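Colleague: So that we are looking at the same thing, I have put the structure below in structure tokens.
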Amino acid sequence: EAHHAAPVASVGVSSDCLKIAISTQNGTVGVMDVPSHGYRTVVRSHENAVCAMAMDPNNREFTTTASDGTIRTWDLDSYDQLYEFLAPGECARCVQYHPTQYVMAC
């Protein structure tokens, strides 16, 4: 069971349906392992609400967008930040990975 300090803003599900990433309006992101029901808060690095998130089809990473104008990609195993893109004054409302190529679009 996961408890959140703020309302849930977006959800991303791995292609194998074994992990669920959950973001909140205070910028926190957590990942739930479905088989074990374990939940881990991954990042608290977005300054504002997370607007959207998606997991890549190979279950290696996920990307979050936030109202602070940041777009960040995270490693799904280590939870390390891999990339950061800045879009000042913008908030991408959706993010999606290409199903067969290593491409992500917001």
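Colleague: What number of residues within region 16-51 satisfy the criterion of being touching a Cys at 6+ places or on another chain (Cβ under 7 Å) and over 20 Å from Ala5 (Cβ atoms)?
Modeller: If we filter region 16-51 for residues that are touching a Cys at 6+ places or on another chain (Cβ under 7 Å), which is where we start, we get 34, 51.
Going one step further and asking which of them are over 20 Å from Ala5 (Cβ atoms), we end up with 34.
Looking only at that region, the number is 1.
Colleague: Also: If you go through region 9-42 one residue at a time, how many are within 17 Å of Cys91 (Cβ to Cβ) and over 11 Å from the mean Cα position of the chain (by Cα)?
Modeller: 2
Colleague: Sticking with this structure for a sec: Given the conditions (1) modelled with pLDDT of 90 or more; (2) out of contact with any Cys (no Cβ under 8 Å at 6 or more places or on another chain), report the number of the one that Val95 does not fulfil.
Modeller: Among (1) modelled with pLDDT of 90 or more; (2) out of contact with any Cys (no Cβ under 8 Å at 6 or more places or on another chain), the lone unmet condition for Val95 is (2).
Colleague: In region 14-38, which residues are surrounded by fewer than 16 Cβ atoms within 10 Å (Cβ to Cβ) and either in a strand (DSSP E or B) or among the polar types (S, T, N, Q) (or both)?
Modeller: The first filter runs over region 14-38 and keeps only residues surrounded by fewer than 16 Cβ atoms within 10 Å (Cβ to Cβ), leaving 15-18, 33-38.
If the condition is that a residue be surrounded by fewer than 16 Cβ atoms within 10 Å (Cβ to Cβ) and either in a strand (DSSP E or B) or among the polar types (S, T, N, Q) (or both), then Ser15, Asp33, Ser36, Gly38 are the ones that fit.
Colleague: Just for region 54-106: of the residues that are in a loop (DSSP other than H, G, I, E, B) and of a type in the set (A, V, I, L, M), which one is nearest to Met32 (Cα to Cα)?
Modeller: Of the residues in region 54-106, the ones in a loop (DSSP other than H, G, I, E, B) are 56-60, 67-69, 76-80, 87-95, 98-103, 106.
The next check asks that each one be of a type in the set (A, V, I, L, M); those that pass are 76, 87, 92, 95, 103.
Values: Leu76: 11, Ala87: 29, Ala92: 24, Val95: 20, Val103: 25 Å.
Among those residues, the one meeting the criterion is Leu76.
Colleague: Within region 63-101, restricting attention to residues that are in contact with an Asp or Glu (Cβ under 8 Å, 6 or more places away or on another chain) and more than 22 Å from Asn26 (Cβ to Cβ), which residue is surrounded by the most Cβ atoms within 10 Å (Cβ to Cβ)?
Modeller: Filtering region 63-101 for residues that are in contact with an Asp or Glu (Cβ under 8 Å, 6 or more places away or on another chain) and more than 22 Å from Asn26 (Cβ to Cβ), the one surrounded by the most Cβ atoms within 10 Å (Cβ to Cβ) comes out as Tyr97.
Colleague: Tell me which of these Ala9 doesn't satisfy, since it passes every other one: (1) of a type outside the set (Val, Ile, Thr); (2) touching a His at 6+ places or on another chain (Cβ under 8 Å); (3) part of a strand (DSSP E or B); (4) modelled with pLDDT under 90.
Modeller: (2)
Colleague: Given (1) outside any strand (DSSP E or B); (2) touching a residue at least 40 places away in the same chain (Cβ under 8 Å), where does Cys51 come up short, assuming only one miss?
Modeller: Against the list (1) outside any strand (DSSP E or B); (2) touching a residue at least 40 places away in the same chain (Cβ under 8 Å), Cys51 comes up short only on (1).
The values are calculated or read from the model by the stated rules, or taken from the named source; none is laboratory data. Quick caveat: nothing in here was measured; it's all calculated off a predicted structure. Ideal geometry is used to build each Cβ from the backbone, glycine not excepted, and the neighbour counts take in all protein chains shown.
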